[in-house]
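Before any comments, here is the structure.
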Amino acid sequence: MQTKSGELAETLRSSILGGAIGPGQRLSSVRSLAALHSISIPTVLAALRQLEAENIVESRPRSGYFVCRKSLRSLATIKPHSKPKRVGVTSNLRSLFDGPAEGAVPLGAALPTPDWLPLTELRSVVASTQKRLGPRAQSYSLPPGRFDARRQVARLSSERGTIFGPDDVIMTSGTTEAILHALNATCQRGDTVVVEAPTYFGHLCLLEQLGLKALEARTDPVTGLNPGAVEQLLSEQRVSAILCTPTVQNPLGATMPQDAKQRLVSIAHRAKVPIIEDDVYGWLDETGTQLPLKAFDDNGSVLYCGSVSKCLAPGWRVGWIAPGRYYSAVIDSRFVAQLSGSPIIEAALATHLADPSFKRHIERFKRRTRKSRNEFTRAIENYFPEGTKVSKPRGGYLIWLQLPPGSDAVAVSQSMSKKGISVSPGPLFSATGRLEQFMRLNVGHNFISDLDKTIQELGDEIRQSLT
């Protein structure tokens, strides 16, 4: 059930998105809104702060609240396909990664520059762990994985509002494997899974591999997956699972408001449909207030997946899943897919997560991503053709672009690949192969002069493709 502040935020959000209140216009005063909706002034302020966090409104000292002039809302919300679709993206994805050779400018893959990672600390903790474990370092870490690693995952997750213990966690080789086991536990070949539109191509590859159908749900460039749209789909179609990234979504960077997250979990619970939550970017949320869906799960039907691949150690390939009521099915899948994990990496992860330096690194990492997003965005606004629209996420290092009408992101991607520059074209993120006018850029890099030239070159290529 929505709070009063959530209801007001949704009302104002709808008015702004519908064009009733235009960019730059002043909202009614706080007192007027309180009187009109018969709620308290603190409740109104809570709603306005939520919209401010979403970059929909802005506060101006002694003047009130105004609709942002440059809002993410200018980005198109993708119209989902109304029927479940068989997925076929792997061949396109393979061609993307068969493109630029080593040394290319990596704006395609969602991977931060190694310069942002605590490489010295990571090397040190692996070396000391190997010495500490001795011969046991060459043994197996059998499912569910080392207890010390599971304990640290549970501890840090509890600080973000999720309530589960070490014995509820299963270690995996990254988030993708965790999601694979979650799909195995909840679905059978031919079943339908609700996904975001657009969605991460890795999710689509898993659905394709397992013979599952994708059913797209409306997903907003700012507020993420729309709970009402999901509720409508569940009433019309037989669905086996919902697969989503509610916090710093890939590729949009969108984060669902907490009221929307709570509502989505309630809708799924009533429909008896499990949610597979990909929280791999959850560490990078910059609002400081966003709980995972798992925090609202009171019956164990949210399968919570995460890792440190996007913010700490991509090469470690370590992740986890807290699958709730699906624990037995997930651990069976884990045994079949991969009998053992790496004891060295799991033990090193436990040690590093327990050290205060981990949280310091995350805060430093978020400052770098914020700076980089701003620098890349300014360059895009300078060099890309008129009509380009750019997302402005509140976390992470992915930017979603809507190119001018007539653009072909796949053709641009292929052309740039020949020049040693990788980008991710929109069709990779669509279950139906659409979104030719869209593109995702990885901006997880220090913005040096060479990258400024790269963005200028990319802008020129897009401009030429329009002529």
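Counted by Cβ distance under 12 Å from ASP167, the other residues give a net charge of +1, where Lys and Arg count +1 and Asp and Glu count -1.
With a simple spin-label model that places each label point 7 Å from the Cα along the Cα-to-Cβ direction, the separation between LYS359 and THR77 comes to 3.7 nm.
Counting only the backbone N, which residues of the stretch 339-371 are under 18 Å from the spot 7 Å out from the Cα of ASP452 toward its beta-carbon? Only 371 pass the distance filter. Structural descriptor for the stretch 308-467: relative contact order 22 percent, calculated from alpha carbon pairs under 8 angstrom and at least 6 residues apart. Around the Cα centre of the chain, unit charges on the Cβ atoms of Lys, Arg, Asp and Glu (plus for the first two, minus for the last two) sum to a dipole of about 600 debye.
Counting only C-alpha contacts under 8 Å and six or more residues apart, can you give the relative contact order of the chain as a whole percent? Intermediate values should be presented prior to the final figure.
On the way: 891 pairs, mean separation 95.4, N = 467.
Value for the chain: 20 percent.
Of all lysines in the structure, those lying under 22 Å Cα to Cα from LYS392, and not within fewer than 8 positions of it along the same chain, are LYS70, LYS79, LYS261, LYS310, LYS366, LYS371, LYS453. Extension gain for the segment ARG49 to ALA109, taken as residue separation times 0.36 nm less the Cα-Cα distance, is 18.3 nm to one decimal. In straight-distance terms, cross-link reach from LYS389 covers every one of the aspartates and glutamates whose alpha-carbon lies under 19 Å from its own, apart from those fewer than eight places away in the same chain; here that gives GLU54, ASP220, GLU375, GLU381, ASP408, GLU436, ASP452, GLU457, ASP460, GLU461. FRET efficiency for the GLU121 to ASN382 pair, using the beta carbon distance and R₀ = 30 Å, is estimated at 0.25.
Could you tell me the relative contact order of the stretch 269-322? Use alpha-carbon pairs under 8 Å, at least six residues apart, and round to a whole percent. Before the final figure, lay out the partial values.
On the way: 64 pairs, mean separation 20.4, N = 54.
Taking the mean separation of contacting Cα pairs over the length of the stretch 269-322, I get 38 percent.
Efficiency by 1/(1 + (r/R0)^6): what FRET value for ASP298 and ALA271, r their Cβ-Cβ distance, R0 = 22 Å, to the nearest 0.05? Intermediate results must be reported in sequence, preceding the final value.
Working: r = 15 Å, r/R0 = 0.69.
That pair, ASP298 with ALA271, gives E of 0.90.
The length gained by stretching the chain between ARG325 and LEU466 to full extension, at 0.36 nm per residue less their Cα-Cα distance, is 45.6 nm.
Note that the chain carries a Kirkwood radius of 23.0 Å, evaluated over its alpha carbons pair by pair. Going toward the positive end of the dipole of the chain, with +1 on Lys and Arg Cβ and -1 on Asp and Glu Cβ, which of THR176, ALA254, THR113 do you reach last? Farthest towards the positive end: ALA254.
What do you get for trypsin sites (Lys or Arg not before Pro) in the stretch 266-344 restricted to DSSP loop and a cutoff of at most 12 other Cβ within 10 Å of the site's Cβ? Walk me through the intermediate numbers first.
On the way: sites: ARG270, LYS272, LYS294, LYS310, ARG317, ARG325, ARG334; in loops: LYS272, LYS310, ARG317.
Counting only loop positions with at most 12 other Cβ atoms within 10 Å, the trypsin sites (Lys or Arg not before Pro) in the stretch 266-344 are LYS272.
What is the extension gain from THR3 to SER128, computed as 0.36 nm multiplied by their sequence separation minus the C-alpha to C-alpha distance, in nm to one decimal? Walk me through the intermediate numbers first.
Details: separation 125, 0.36 × 125 = 45.00 nm, distance 4.96 nm.
Length difference between fully extended and current span is 40.0 nm.
Using DSSP to define loop residues, name the GluC sites (Glu not before Pro) in the stretch 375-450 whose beta-carbon has at most 12 other beta-carbon atoms within 10 Å. Let's see the in-between values first.
Details: sites: GLU375, GLU381, GLU386, GLU436; in loops: GLU386, GLU436.
Sites meeting the loop and neighbour criteria: GLU386.
Bear in mind that the values in this text are calculations on the coordinates, not laboratory data. Everything numeric here is computed off the predicted structure, so don't read it as measured data. For neighbour counting, all protein chains shown are included, and Cβ atoms are generated from backbone atoms with ideal geometry for every residue, glycine included.
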